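Inspection log for the structure reproduced underneath, given as structure tokens.
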Amino acid sequence: MTQQLHLVTGAFGYTGKYIAARLLKEGVRVRTLTNSLNRANPFGGQVEALPYSFDDFDKLVASMRGATVLYNNYWVRFNHKEFQHSEAVENTLKLIAAAKQAGVARFVHVSITNPSEDSHLTYFAGKARLERALIESGLSHAILRPTVIFGDEDILINNIAWTLRRLPVFGVFGDGKYRLQPIFVDDLAALAVEQARSRENRIIDAIGPETFTYRELVQTIGAIIGARRLIVGVPPWFGYAVGSFISRMQGDVFITREEIEGLMRDLLYTQSPPAGTTKLTTWVDAHANVLGVKYANELARRKNRNEAYEKL
């Protein structure tokens, strides 16, 4: 029996690494497309690595030849002088077109909850544009819509804990009643691999089993890690100003105005059954001694293409 080839974008990064690990355990041959060919990875020679060839469509198609499934995690978290959501959209459109031309049978795509092309938030509008393009491509597809993804290489949850450990007061934007449904990274990977086996077109809200208001999330993390703090509501502009100060201190982007607005508009919440089983509270409890001890720097990861993502 011929060993199947599956293609994972960013297998040396975060979500892609967990997908690749599950595929290797199942005996699937794995190839990755990546901007980090020299990044240290746990797979050694088990994963074939090829560069993204967004500037050469024929080469991009060739890199996908023979693959049965493509798992797409390619994206950028925020707009920056060195990368933009608009560029990520154009590059992903090329991935979709190349996958179709290469004869890929199934496209598993990681999106976001509540995407909308009408949104002025470029993250949500861009994700919606890509969902429509994938649907219109005619490719067999599964679209997974996570909210916050947590795990050992986490940024958001870790940096909430980092802030709680260092400041006597934690400010939430507005009333803090907007909601989140975090999903464990390996639960998302398991869902992606499961959906690769089907050929039915599906859109799934990839949410975890617990729902928190943002205020409850901060309170819960603080209680578990032993850093209970006074939590106060602050105007969004003030919260962003504090976040900007942390950004300058860390040489990073701590949070953006778009992320604050997306949170406050309840876009990281959906009325759907959970797709993951791992509770954030259980995971935080297991990592209480290390969560937030070090700051997790998004830009540092992007600039350093050699070292593996640092775990907690």
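The values are calculated or read from the model by the stated rules, or taken from the named source; none is laboratory data. Treat the numbers as computed from the prediction; the structure is a model and nothing was measured. Note that we place each Cβ from the backbone using ideal geometry, even for glycine, and neighbour counts take in every protein chain shown. Side chains are part of the model used for accessible areas, which takes the heavy atoms of the whole protein and leaves out ligands, DNA and RNA. Shrake-Rupley method; radii C 1.70, N 1.55, O 1.52, S 1.80 Å.
Modelled label-to-label distance, T282 and A223, 7 Å Cα→beta-carbon offset: nm?
1.8 nm
If we count every other residue with Cβ under 12 angstrom of R65's Cβ, Lys/Arg +1 and Asp/Glu -1, where does the sum land? The partial results should precede the final answer.
On the way: positive: R31, K59; negative: D58.
With Lys, Arg at +1 and Asp, Glu at -1, the neighbours total +1.
In this model, which of K94/K279; K279/K311; K17/K94 are farther than 28 Å apart at the alpha-carbon?
Working: K94/K279 36 Å; K279/K311 19 Å; K17/K94 22 Å.
Beyond 28 Å: K94/K279.
In bins 5 Å wide, starting from 0, what share of all Cα pairs of the stretch 204-273 does each bin hold, as a percent?
Whole-percent P(r) values from 0 Å outward: 3, 13, 17, 22, 23, 15, 6, 1.
Roughly how much of D56 is accessible, in Å² to the nearest 10, using a 1.4 Å probe?
About 60 Å², rounded to the nearest 10.
Evaluate E = 1/(1 + (r/R0)^6) for N35 and L167, where r is the Cβ-Cβ distance and R0 equals 35 Å; express this FRET efficiency to the nearest 0.05.
Working: r = 34 Å, r/R0 = 0.98.
After rounding to 0.05, the efficiency reads 0.55.
Would you please state the base-10 log of I(q)/I(0) at q = 0.09, 0.12, 0.19 1/Å for the stretch 1-147, with intensities from the Debye formula using one equal scatterer on every alpha carbon?
The computed values of log10 I(q)/I(0) come out as -0.26, -0.47, -1.20.
About the Cα centre, and with charges only on the beta carbon of Lys, Arg (+1) and Asp, Glu (-1), how big is the dipole of the chain? Nearest 20 debye, please.
Numbers: 37 positive and 32 negative charges, 85 e Å.
Roughly 400 debye, rounded to the nearest 20.
Considering only protein heavy atoms and a 1.4 Å probe, what is the carbon-and-sulfur percentage of the accessible area of the chain?
Working: 7000 of 13900 Å².
C and S atoms contribute 50 percent here.
Could you order K100, K81 so the one with the most accessible surface comes first? Probe is 1.4 Å. Please list the in-between numbers first.
On the way: K100 115, K81 180 Å².
Ranked list, largest accessible area first: K81, K100.
Would you mind getting the accessible area per residue of the stretch 151-194, heavy atoms of the protein chains only, 1.4 Å probe, in Å²?
Values: 1310 Å² over 44 residues.
Solvent-accessible surface per residue comes out at 30 Å².
Mind checking the full-extension length gain between V290 and S116? Use 0.36 nm per residue of separation minus the Cα-Cα distance, one decimal, nm. Intermediate results must be reported in sequence, preceding the final value.
Working: separation 174, 0.36 × 174 = 62.64 nm, distance 3.69 nm.
Extending this stretch completely gives an extra 59.0 nm.
Among residues other than Q4 whose Cβ falls under 12 Å from its Cβ, what is the net charge (Lys/Arg +1, Asp/Glu -1)? Could you put the intermediate results ahead of the total?
Details: positive: R29, R31, R106, R197; negative: E26.
Net local charge, Q4 excluded: +3.
What distance in nm separates the simple spin-label points at K311 and E87, each placed 7 Å from Cα in the Cβ direction?
If labels sit at K311 and E87, their model points lie 3.2 nm apart.
In the neighborhood of P274, defined by Cβ-to-Cβ distances under 14 Å, what is the net charge if each Lys or Arg adds +1 and each Asp or Glu adds -1? Could you put the intermediate results ahead of the total?
On the way: positive: R145, R179, K279; negative: D187, D205, E210.
Charge balance in the 14 Å sphere: 0.
Counting only helical runs of four or more DSSP H residues, what would the 222 nm mean residue ellipticity of the chain come to if each run contributes -39,500 (n - 2.57) and the total is spread over all its residues? Can you show the working numbers first?
Numbers: 11 runs with 124 residues, N = 312.
Theoretical 222 nm ellipticity from helices: -12000 deg cm²/dmol.
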